[in-house]
Structure formats: C-alpha cells, structure tokens
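Right, one structure below, let's go through it.
All of the numbers you see were taken from the coordinates with simple rules; none came from a lab. As the structure is a prediction and not an experimental result, all values here were calculated from the model. Cβ coordinates were reconstructed from backbone atoms using ideal geometry, including for glycine residues, and neighbour counts include every protein chain displayed.
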Amino acid sequence: MAKITTPRPVRGTQDIFGDFERRFTHVAETFERVRRLYCFNRVEVPVFESTAVFARSLGETTDVVSKEMYSFEDRGGDSLTLRPEFTAGIARAFLTEGWQQHAPLKLATHGPVFRYERPQKGRYRQFHQIDAEVIGAAEPMADVELLAMADQLLKELGISDGVTLQLNTLGDAETRDAWRAALVEHFEAHRGDLSEDSLKRLDKNPMRILDSKDPRDRPIADSAPGIDGFLTPEAADFFAAVTSGLDAAGVQWTRNDRLVRGLDYYRHTAFEFVTDRLGAQGTVLAGGRYDGLIESLGGPATPGVGWAAGIERLAMLLEEKSAEVAEVVVLHTDRSYIAMAQNLTASFRRAGIVTRMPFKDDLNLGKEYKRVGGSKLVVEVGGTEFDELQKSDIPLDRMVHVKNLATGAKATVDVERAIDVVRKAVAALA
C-alpha cells in the first residue's frame with residue numbers, strides 16, 4: 001500500500017493556535033469592546049464579491065488589482081474575487097441594501113482577507129483585518145472620531161509605545177488636480193532617472209511615486225513639490241479642523257507631507273500608525289477619507305472615511321498571553337459520581353464561572369491535582385477524606401467538597417449551596 005503524504009499548508013497561510021491565538025483573539029475582543037464605546041455597529045459582508053467591485057474601487061492600475069487579487073470564474077461564468085479588503089464590500093452593501101436612509105453610518109467588522117503577495121513577517125496571503133468606516137459624514141469630526149478610536153484601541157492593547165500617527169492632507173478635488181499636474185511636471189523632468197515601476201505610475205498614478213522605496217526614486221520624490229502650496233482655503237480649513245480636533249482629544253500626531261493615496265477618490269485626510277518594531281513594513285493601521293468611492297461604484301456623491309489594521313501584525317506587537325485557566329476544576333472520586341459532577345459543572349458554567357471537568361470516568365485524583373494548572377479552586381464530588389465528613393449530616397450523594405488551593409481553606413457543603421460558595425470564593429480570588 002502506497003504511503004499517504006500529508007498535504008502541506010498553502011504557502012502564505014498559517015494555522016493559529018496557542019500563545020499566538022490568544023494574542024490574536026485579544027486583538028479582536030479589544031476591538032469589539034472599543035467599537036462599542038464609539039457606537040459603531042457591527043456589519044458582516046461576503047468573503048467574495050463580483051470582481052468589478054474591487055476593480056472599480058481599488059483602481060484597475062493598482063498592484064492589488066493587477067497582481068494580488070484571488071479572482072476566479074464560477075460555474076455560471078461570473079468573475080468573482082476573494083475580498084482583498086473590506087471598504088469596497090461595505091460601500092457596495094451601502095448602495096445595494098438601501099443603507100443610505102441610515103446615513104451617517106458608523107460601521108465596524110473584522111475577518112479574513114486575501115492577497116497574493118510575497119509572504120513576509122506579519123504578512124500572509126490569507127490574513128485578518130479589523131475595519132472601521134463612517135459613511136455619509138462630510139464633517140472633519142468624523143475623521144477625528146475614527147482616529148481617536150484607533151488611538152484608544154492601540155492604547156488599550158498596550159502597544160501604543162513606539163507607534164506614531166503620521167498624518168497628511170490630500171486636499172479637495174481642486175487641490176489634487178493642481179498638485180497632480182505639478183508632480184507630473186516634476187517627474188517628467190526626471191523621467192530618465194526613475195525606476196521602471198515609477199515610470200508606469202507616472203502616466204496613471206503619479207502620486208504613488210512619492211512613497212516609492214526604490215533608492216533611484218527617493219531623491220526625485222524628496223525634491224517634489226509638497227501639497228501645501230496647492231491647498232484651497234476650504235481644504236486648509238478642513239485639515240486644520242482635523243488637527244485641532246485631535247489635539248482636543250489628546251491624540252498625538254506628526255505631519256508627513258509625503259503620505260499619499262494614489263486613487264482619485266481619496267480626499268483630505270490620509271493617515272498611518274507606524275512602528276519600527278515590525279521591520280521595513282512598519283504600518284500597523286492605516287486609512288483615509290474616500291469621498292469619491294461610492295460614486296466609482298455607480299452611487300450618488302457620498303462622503304466616507306475609514307481605516308483598517310492587520311490583526312496578525314497587531315498581535316505580533318503584544319506580549320505573550322497566558323493560557324486559558326479554569327477558575328474551578330470539578331473532580332469526582334469514582335464513576336458513580338459522574339452525573340453529579342456533570343450537573344455541577346453545567347450549573348457553574350450557567351452561572352458564568354469558568355469551569356473544567358476531566359473527560360475520564362476513572363480518575364486518579366493524585367494525578368488530576370497535578371494537572372490543575374493555575375486554577376485556584378477544586379470542587380470534589382464524592383470524596384471522603386475530610387474530617388468534616390464525620391460530623392456532617394449532609395447525605396453522601398449531595399456532598400460537595402470545596403478546596404481553595406490558594407489559601408488552603410476547605411469546606412464541605414450541600415450541592416445546592418455549591419454555586420454560592422464557589423461564586424464568593426472566585427470573587428475573593430479576583
């Protein structure tokens with residue numbers, strides 16, 4: 001018989017377990033708690049969409065669309081794509097589900113996204129993002145609220161030290177058009193010195209040259225005209241409102257006038273939270289205002305602003321998380337007490353007490369006590385070693401022994417009183 005070869009995981013994917021799973025889950029749970037503080041509604045959108053949703057929203061010329069999307073044709077001949085990000089799907093839902101009537105909408109979600117890119121530290125082909133969006137609010141205070149929310153999330157995760165909020169303005173449409181023309185003129189004068197990628201961007205996406213990592217491009221990009229000289233009064237006022245709002249909210253920021261978003265539907269605020277603790281790819285959370293996105297999908301002019309962050313990359317910044325520990329361990333002395341132990345375990349859990357009960361029905365109590373781990377309370381059903389047993393009038397089939405391993409205290413109680421006794425003991429140990 002031929003030996004069966006176990007399949008390997010697909011390159012760029014990972015199985016999440018143990019310490020990293022605990023950090024991963026901590027990020028998601030903290031995000032859920034913070035988004036509730038800011039009254040953001042949870043939303044779920046499909047894992048795959050019509051390819052046109054992403055091609056239109058991300059731009060046909062971007063690397064994500066041209067190189068990184070997982071697109072396929074289904075049995076009906078339709079071109080579908082696994083979502084490479086959340087914003088486009090949420091914008092599509094805003095239009096097709098009639099959510100315009102609820103605008104402005106504050107929405108949040110998290111889950112897997114997919115990009116075919118070279119795997120590297122903290123980057124995978126299937127990875128996970130948290131995402132927050134405000135759709136239908138043109139006011140700069142929407143930008144401030146999103147940035148304050150992101151700042152609080154990083155602080156509550158305990159990873160804000162060494163993370164810097166870099167902020168820029170992309171201006172309004174008039175600003176962008178004037179700045180874009182100046183950039184094209186500048187880069188055209190240096191066409192012979194630009195990298196191959198930047199030459200491709202020059203015709204279709206010239207702003208992207210500003211964030212090129214190619215050493216040939218950096219001197220040219222660094223000497224390019226900045227946006228401030230092209231800001232309309234309205235655009236300048238918008239950016240001033242954002243920065244003053246952040247100051248009032250106690251959110252620290254730094255200006256990066258080379259931070260850009262290449263697509264035409266981006267307006268005004270662009271931002272990234274960056275760190276040097278993840279190597280060259282130091283962005284941990286990024287976003288901006290996309291007032292032209294809904295229009296690119298065929299909808300009416302609708303303002304929007306949002307951000308996303310990779311859960312894996314945030315989890316990498318967290319310290320190791322301890323394994324889950326039961327508050328109470330329920331043990332039974334022999335098989336005749338299994339049903340009683342099961343009933344007690346179920347009662348504890350319904351009362352909100354984290355409880356573990358071994359699966360075996362022939363327990364060796366000595367060994368089980370060694371496996372208690374970090375648990376501080378043991379509830380033993382059917383034991384006869386307590387002195388209290390000799391003077392107790394509790395029937396044996398209703399007798400429960402509670403041992404506090406932290407203090408050494410122990411007590412024998414009727415099963416009906418066990419929940420109250422254990423709840424008080426758990427509270428005292430908290």
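Observations, loosely collected:
- In this structure the amide hydrogen of GLY304, modeled in the peptide plane, comes within under 5 Å of the amide hydrogens of GLY136, TYR290, ASP291, none closer than 5 places in sequence on its chain.
- Pair-distance distribution P(r) for segment 129-232, from all Cα-Cα distances in 10 Å bins starting at 0: 13, 33, 27, 24, 3 percent.
- Amide H contacts of HIS128 (H built 1.01 Å from N, under 5 Å, at least 5 apart or other chain): VAL113, ILE311, GLU312
- Residues whose amide H falls under 5 Å from that of LEU278, counting only those 5 or more places apart or on a different chain, are absent, with hydrogens built in the peptide plane.
- 3J(HN,Hα) along segment 160-166, derived from phi through the Karplus expression 6.51 cos²θ - 1.76 cosθ + 1.60 where θ = phi - 60°, amounts to 6, 5, x, 9, 10, 7, 9 Hz, with x in place of Gly and Pro.
- Scanning the chain for long hydrophobic helices, with DSSP H runs required to stretch 15 angstrom or more by C-alpha along their axis and to average at least -1.0 on the Kyte-Doolittle scale, returns 18-37, 140-157, 173-188, 233-249, 338-350, 418-429.
- Cα centroid of segment 271-334 to Cα centroid of segment 1-47, whole Å: 11 Å
- In the chain, the convex hull through the Cα atoms has an average projected area of 30.2 nm², a quarter of its surface area.
- Dividing the summed -39500 (n - 2.57) terms of all DSSP H runs of n ≥ 4 by the residue count of the chain sets its mean residue ellipticity at 222 nm at -10500 deg cm²/dmol.
- Expressed to the nearest 5 percent, the antiparallel share of DSSP beta bridges inside segment 328-429 is 60 percent.
- Remark: for residue pairs LYS106/LYS200; LYS321/LYS410; LYS321/LYS370, the C-alpha separation exceeds 27 Å in LYS106/LYS200; LYS321/LYS410.
- Tail beyond 20 Å, pair distance distribution of segment 328-429 (Cα, percent): 30 percent
- Backbone HN-Hα couplings from phi across segment 254-260 [Karplus 6.51/-1.76/1.60, Hz, Gly and Pro as x]: 9, 7, 10, 6, 9, 7, 9
- Each of the peptides 125-136, 177-188 was scored by the mean count of other Cβ atoms within 10 Å over its residues; in descending order, highest first, they stand as 125-136, 177-188.
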